[in-house]
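Each remark here refers to the structure printed beneath this line.
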Amino acid sequence: MTSIFTKQNTTGHPDALICEAEGLESLRTALLEAGVSDLRVPEVHRVDETVLEMAPIDCVAATERTLDMLGEGLALMHKIARPQYGWSRDNYIGLSPQPNRWSSSWGDFFVRDRLGYQVSRIRDSSIRSSFGGILDNHGPDLASWLDRHCEHPSLVHGDLWSGNALFDGATPWLIDPAVYYGDREVDLAMTEMFGGFGAAFYEAYDRMYARSAVYEQKRDIYNLYHFLNHYNLFGGSYLDGCQRGFAVVRRMMGG
C-alpha cells in the first residue's frame with residue numbers, strides 16, 4: 001500500500017486546504033511547462049475541507065547539489081511570463097487570508113493587496129494609522145517604482161521560507177504554497193528572511209536568471225509584507241521588522 005501523509009485543517013478557514021492543493025497543482029504544472037524535473041511537488045491524492053492527503057517526503061538535510069537543483073528549477077519556472085498580476089481567487093499565506101485580483105500593475109497590486117491589506121488588519125489603532133499614513137503618502141510612488149523594476153508576471157510560490165522547501169536526499173520539493181502571479185523576486189526575498197538557503201541555491205538561480213540590480217532594495221520592501229503578516233499573527237516581536245521596512249520605503253521614496 002502506498003503511504004500517505006495526511007494534513008488536518010486547523011486554520012479555521014474551510015477552504016484553506018483546497019487552496020493549498022490548487023497551489024501545489026499550479027506549481028506542478030508550471031514546473032512541467034518549464035521542463036523542470038529536478039524540482040518536484042508532492043502529489044495530492046485527496047483534498048476536502050478537513051484533510052489533505054498527499055505523498056509523503058522522507059526529509060533529510062539539503063546538500064549543495066539539491067540546493068543547486070532548487071535554485072535552477074525555481075529560476076526556470078520564474079522565467080515563464082504570465083499574462084497579468086494577481087490570482088483568480090483569494091487564498092492564504094500561512095494562517096492569514098491573502099486577497100487576490102487581476103491587475104496590469106504589479107506595484108499597485110503589491111502596495112494595495114499585500115501591504116495595504118496587512119496594515120488594515122493591525123489591531124493597534126496608532127500603529128495602523130502610522131503605517132497607513134506612510135502608504136498614503138508614498139504608496140503611489142512606490143507602486144510606480146516597483147512597476148519600473150519588474151520584468152513580467154511570474155508564478156511565485158509566495159511563502160518560500162526554509163520550512164517550505166524540503167529535501168529527500170536526491171530531490172528538492174516545494175510545499176505549502178501561497179501562489180499568485182507577481183514579481184519573481186518576492187520568492188528570493190522570502191528565502192532570506194529567516195537566514196537564507198545557502199550559496200549554492202543563489203548561485204544556481206543567478207546562473208539561470210540573474211537577480212535584478214535593485215534586488216536588495218526590493219528584498220526589504222517585499223519582506224515587509226511577511227513582517228506585517230507575522231506581526232498580525234504572532235505579535236510584537238515582529239514590530240521592529242515592520243518599522244525597518246517602512247523606514248526603507250520612506251527613505252527610497254524621499255520622505
Determine which member of the set Ala34, Ala21, Ala55, Ala75 is farther than 18 Å from Thr191 by Cβ, small (Gly, Ala, Ser) and under 17 Å from the mean Cα position of the chain (by Cα).
Ala21
What residue, of Val186, Val156, is under 17 Å from His230 (Cα atoms), within 12 Å of the chain's Cα centre (by Cα) and of a type in the set (Val, Ile, Thr)?
Val186
Being basic (Lys, Arg) and part of a loop (DSSP other than H, G, I, E, B) is the filter here; which residues of segment 42-91 pass it?
Arg82, Arg89
Checking the conditions here, which among Phe131, Phe110 is in contact (Cβ under 8 Å) with a residue 60 or more places away in the chain, touching an Asp or Glu at 6+ places or on another chain (Cβ under 9 Å), buried (at least 20 other Cβ atoms within 10 Å of the Cβ) and part of a helix (DSSP H, G or I)?
Phe110
In this structure, does Ala210 turn out to be without any contact (Cβ under 8 Å) to a residue 40 or more places away in the chain and either under 28 Å from Arg65 (Cα atoms) or surrounded by fewer than 20 Cβ atoms within 10 Å (Cβ to Cβ) (or both)?
yes
Number of the exception - Leu24 against (1) farther than 20 Å from Ser96 by Cβ; (2) in a helix (DSSP H, G or I); (3) among the aliphatic types (A, V, I, L, M)
(1)
Output for segment 174-198, where each listed residue is free of Cβ contacts under 8 Å to residues at least 60 places away in the same chain and of a type in the set (Gly, Ala, Ser)
Ala189, Gly195, Gly196
Evaluate the following for Asp58: is it surrounded by fewer than 14 Cβ atoms within 10 Å (Cβ to Cβ) and at pLDDT below 95?
yes
Being modelled with pLDDT of 95 or more, farther than 26 Å from Pro153 by Cα and of a type outside the set (A, V, I, L, M, F, W, C) narrows Glu25, Glu72, Glu64, Glu33 down to just Glu64
Could you list, in sequence order, the residues of segment 180-189 that are over 16 Å from Leu76 (Cα atoms) and surrounded by fewer than 24 Cβ atoms within 10 Å (Cβ to Cβ)?
Ala189
Positions within segment 101-120 being more than 17 Å from Asp136 (Cβ to Cβ) and basic (Lys, Arg), in sequence order
Arg101
Consider Gly196 against the criteria (1) within 17 Å of Gly163 (Cβ to Cβ); (2) modelled with pLDDT of 95 or more: it satisfies all of them except one. Which criterion is unmet?
(2)
What are the pairs, 6+ residues apart or on separate chains, where a residue within segment 92-103 that is touching a residue at least 24 places away in the same chain (Cβ under 8 Å) and farther than 9 Å from Tyr117 by Cβ has its Cβ under 8 Å from a residue that is outside any loop (DSSP other than H, G, I, E, B) and among the acidic types (Asp, Glu)?
Tyr92/Glu20; Asn100/Asp113
Kindly indicate whether Ser126 is surrounded by fewer than 20 Cβ atoms within 10 Å (Cβ to Cβ) and free of Cβ contacts under 8 Å to residues at least 12 places away in the same chain.
yes
Of everything in segment 183-197, what is touching a His at 6+ places or on another chain (Cβ under 9 Å), hydrophobic (A, V, I, L, M, F, W, C) and in a loop (DSSP other than H, G, I, E, B)? Give them in sequence order.
Met193
Reported set for segment 167-193 where residues are under 23 Å from Arg65 (Cβ atoms) and of a type in the set (Phe, Trp, Tyr) is Phe167, Trp173
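The values are calculated or read from the model by the stated rules, or taken from the named source; none is laboratory data. Every value quoted in this text rests on a predicted model; they were computed, and no experiment measured them. When we count neighbours, we look across all protein chains shown, and the Cβ atoms used for this are built from the backbone with ideal geometry, even at glycine.
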